[in-house]
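Chemist: Before I ask anything, let me first share the structure, which is written out below as structure tokens.
The values are calculated or read from the model by the stated rules, or taken from the named source; none is laboratory data. Everything quoted here is computed from the prediction, not taken from an experiment. Here the Cβ is made from the backbone with ideal geometry for all residues, glycine too, and neighbour counts use every protein chain on show. Calculation scope for accessible area: heavy atoms of the full protein, side chains included, ligands and nucleic acids excluded. Shrake-Rupley method; radii C 1.70, N 1.55, O 1.52, S 1.80 Å.
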Amino acid sequence: MDLHDKDISPRDILPVVIIGNGPSGICLSYLLSGHTPYLCPDSSHPNILLNSKLGEQPHLSLLEQDLEYLCEGLEGRSSNPVAVLFDSLLLPDSDFGSDHASTLQWRYEPERAVPHLVLGKGPPGGAWHAMEGSMLTLSLANWMELPGLKLKEWMREKRRNVRNDRATPAEIASYYQHYVSQMSLGQSFACGTTVTSVTRQPGGPEGSPPCWRVTGLQRREGEALGEQGSEEGAVPFTVFAHNVVLATGTHDVPARLGVEGESLPYVCHSFWELEAAISGGQLHGSSEPVLVVGAGLTAADAVLATRHLTTPVYHAFRRSVADPALIFNQLPKLLYPEYHKVHQMMTQQQHQTLPLQPESHAHNINDNNSAPSSSSSSSSSGSSYAGYLSFPRHRVVAFRPDHKCVLESLETRARSVVQVSKALVLIGSRPDLAFLPDHGRPLGSDPGEPITCRRNPVEVDPWTYEVVSADGPGLYAMGPLVGENFVRFLKGGALAIASDLAKKRRSESEQGSGALLREEDNRWASGIDGQADRQTEVCVSDS
């Protein structure tokens, strides 16, 4: 949908604008399009208490029920109670290996639809389109699916049997894009858009209500936005909305170490840069070692990809290999064999630190450019993982212009110098919230720190996902921004937001104070239905 092709007065106000077209935004769009969850008449939830509560008002949709009441007593692998509730209804007892059918059925009720606009930089699916396409996802395939379309069935129809009950990012990205088309959601999606500002707009003297003002740029098909979002040919747009949902994810800005030399050309901060180096022939079996920094799954993927080339690998990370918080110690070995292999390498092929010495006498590893191997610098001379050496409980001190990296033991303070061809710093990422004042920091649990998924998520009301410290009502956040990294749990945010919006509309209807909003909703709905190409109308200005 091209926003700049629309010619609507700036007085028009959309009910909802969703910033982000990944699985969070897609799932919320599905609920706002009139797809409504009800309890299956013949179903029985394995949680006896929850099953009893659901049976009290089976005629009501989940959007009309008291979510806080239903969440009481539930436990799960998310800190957000509504996320645990919705996951429990969609995938009952899945954490225990059960394969219970969903206790929900979906009914399409167009009278419940809320006109909305979904803004995204790329095609529907968000960051999944940028991920390496051949690796397997961490989550099981059915955990990645969205309501109403079974992922495994779709995968079988496409090109292969489900292998090991996991999928590749390429398959997931294709599934999400197909989902938007299959569920007829495309009329609400405006792709190729970069939001540059979200501000609270006061009410006008003519009686117009306060709302949110969203501005940005949209590129035409085939064009790419520049680094500052100001590519020639990109058209500015402005939309106004009663409610704005932040669903941008957290993969925009790679985290940095903040050490000397980190901006040198051979230091990379994303897996995609490794892919580019491999496809461009910069890395091969005779290359000098690659340094991978980090102990997460992306770092593990980098180790696997580099070793596939037979390129030697140094692997530095701050945790102990036995740390229970290390992700590898939390994954079932049979389900994730490739990550278990990396953990074995991390454990069995460790560098032995030498006694504390000044940097001028730091131990040089493989200074003769030989590959890391089982030697006196390894803790297991009989290891079969030649070409790999781990540095647990180490930090990077500096990257030098001569491709030498200085590592320091966190325990002994001994330093080692390694000669490398490339260094990959893969220690996580944070969202790009430059369109918000102070990059969204005032919205976090700790207003003095940047927003991150794990350490400082956006603080929201647990039952509605409305942002606690927003400049006004109607600002919501969901997905990784509120600490949900897994698709199976981010769907709960969509339920909470859709439920709260439905509650507001019912309240306005009962009080008779929502006439203006309902009139605008009807006009937007009429505009959508009247478009031959099924495009949503929005208000657009030239500045």
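Chemist: Pull up segment 407-432, narrow it to residues that are among the hydroxyl-bearing types (Ser, Thr, Tyr) and assigned to a loop (DSSP other than H, G, I, E, B), then point me to the one that is modelled with the lowest pLDDT.
Modeler: Ranking the qualifying residues of segment 407-432, first place goes to 412.
Chemist: Next up: Mind counting the residues in segment 257-305 that are part of a loop (DSSP other than H, G, I, E, B), more than 18 Å from residue 418 (Cα to Cα) and among the aromatic types (Phe, Trp, Tyr)?
Modeler: So the count comes out to 0.
Chemist: Note down all Cβ pairs under 7 Å where the first residue falls in segment 336-350 and is surrounded by fewer than 20 Cβ atoms within 10 Å (Cβ to Cβ), the second is polar (S, T, N, Q), and they're at least six residues apart or on different chains.
Modeler: Once the first residue is surrounded by fewer than 20 Cβ atoms within 10 Å (Cβ to Cβ) and sits in segment 336-350, its partners that are polar (S, T, N, Q) give 348/380; 348/383.
Residue-by-condition table, conditions (1) at pLDDT 60 or above; (2) open to solvent by 10 Å² or more (accessible area, probe 1.4 Å); (3) over 21 Å from residue 430 (Cα atoms):
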{"position": "113", "(1), (2), (3)": "yes, yes, yes"}
{"position": "119", "(1), (2), (3)": "yes, no, no"}
{"position": "129", "(1), (2), (3)": "no, yes, no"}
{"position": "133", "(1), (2), (3)": "no, yes, yes"}
{"position": "149", "(1), (2), (3)": "yes, yes, yes"}
{"position": "166", "(1), (2), (3)": "yes, no, yes"}
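Every residue, every condition in (1) assigned to a loop (DSSP other than H, G, I, E, B); (2) over 20 Å from residue 71 (Cβ atoms); (3) touching a strand residue (DSSP E or B) at 6+ places or on another chain (Cβ under 7 Å), yes or no:
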site	(1), (2), (3)
447	yes, yes, no
470	yes, yes, no
484	yes, no, no
491	no, no, no
494	no, no, no
498	no, no, no
503	no, no, no
507	no, yes, no
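Chemist: When only residues in segment 449-472 that are open to solvent by 20 Å² or more (accessible area, probe 1.4 Å) and in contact with a Lys or Arg (Cβ under 9 Å, 6 or more places away or on another chain) count, which is nearest to residue 60 (Cα to Cα)?
Modeler: Residue satisfying both the conditions and the ranking: 464.
Chemist: Are any of the residues in segment 383-393 small (Gly, Ala, Ser), in contact (Cβ under 8 Å) with a residue 60 or more places away in the chain and on the phi < 0 side of the Ramachandran plot?
Modeler: Within segment 383-393, one or more residues are small (Gly, Ala, Ser), in contact (Cβ under 8 Å) with a residue 60 or more places away in the chain and on the phi < 0 side of the Ramachandran plot.
Chemist: Given 433, 426, 443, 407, which one is open to solvent by 10 Å² or more (accessible area, probe 1.4 Å), among the hydrophobic types (A, V, I, L, M, F, W, C) and in contact with a His (Cβ under 9 Å, 6 or more places away or on another chain)?
Modeler: 426
Chemist: Can you name the residue in segment 389-399 that is touching an Asp or Glu at 6+ places or on another chain (Cβ under 9 Å) and of a type in the set (A, V, I, L, M) and is also surrounded by the most Cβ atoms within 10 Å (Cβ to Cβ) among such residues?
Modeler: 396
Chemist: Here are some residues: 510, 519. Which one is modelled with pLDDT under 50, open to solvent by 70 Å² or more (accessible area, probe 1.4 Å) and of a type in the set (D, E, K, R)?
Modeler: 519
Chemist: Residues that are among the acidic types (Asp, Glu) and modelled with pLDDT under 90: does segment 265-287 have at least one?
Modeler: Yes, segment 265-287 contains a residue that is among the acidic types (Asp, Glu) and modelled with pLDDT under 90.
Chemist: If you scan segment 251-295, which residues turn out to be open to solvent by 50 Å² or more (accessible area, probe 1.4 Å) and of a type in the set (Phe, Trp, Tyr)?
Modeler: 272
Chemist: Can you tell me how many residues within segment 306-326 are outside any loop (DSSP other than H, G, I, E, B) and open to solvent by less than 20 Å² (accessible area, probe 1.4 Å)?
Modeler: 5
Chemist: Confirm whether residue 402 is surrounded by fewer than 18 Cβ atoms within 10 Å (Cβ to Cβ), charged (D, E, K, R) and modelled with pLDDT of 95 or more.
Modeler: When the stated conditions are applied, residue 402 passes them.
Chemist: While we're on this one: Please note which helices (runs of 4 or more DSSP H) are completely contained in segment 1-95 and include at least 3 residues that are of a type in the set (A, V, I, L, M), buried (at least 18 other Cβ atoms within 10 Å of the Cβ) and at pLDDT below 95.
Modeler: 81-90
Chemist: Does residue 499 satisfy being open to solvent by 40 Å² or more (accessible area, probe 1.4 Å), hydroxyl-bearing (Ser, Thr, Tyr) and at pLDDT 90 or above?
Modeler: For residue 499, the condition - open to solvent by 40 Å² or more (accessible area, probe 1.4 Å), hydroxyl-bearing (Ser, Thr, Tyr) and at pLDDT 90 or above - is not met.
Chemist: So, in segment 389-406, exactly how many residues are in contact with a Lys or Arg (Cβ under 9 Å, 6 or more places away or on another chain) and in a loop (DSSP other than H, G, I, E, B)?
Modeler: Number of matching residues: 3.
Chemist: Could you look through segment 182-205, keep only residues that are under 15 Å from residue 122 (Cα atoms) and part of a helix (DSSP H, G or I), and pick out the one that is modelled with the lowest pLDDT?
Modeler: If we take residues in segment 182-205 being under 15 Å from residue 122 (Cα atoms) and part of a helix (DSSP H, G or I), then 186 is modelled with the lowest pLDDT.
Chemist: Turning to a different aspect of this structure: Looking at segment 449-468 only, could you name the residues that are more than 24 Å from residue 71 (Cα to Cα) and free of Cβ contacts under 8 Å to residues at least 12 places away in the same chain?
Modeler: Result: 449, 455.
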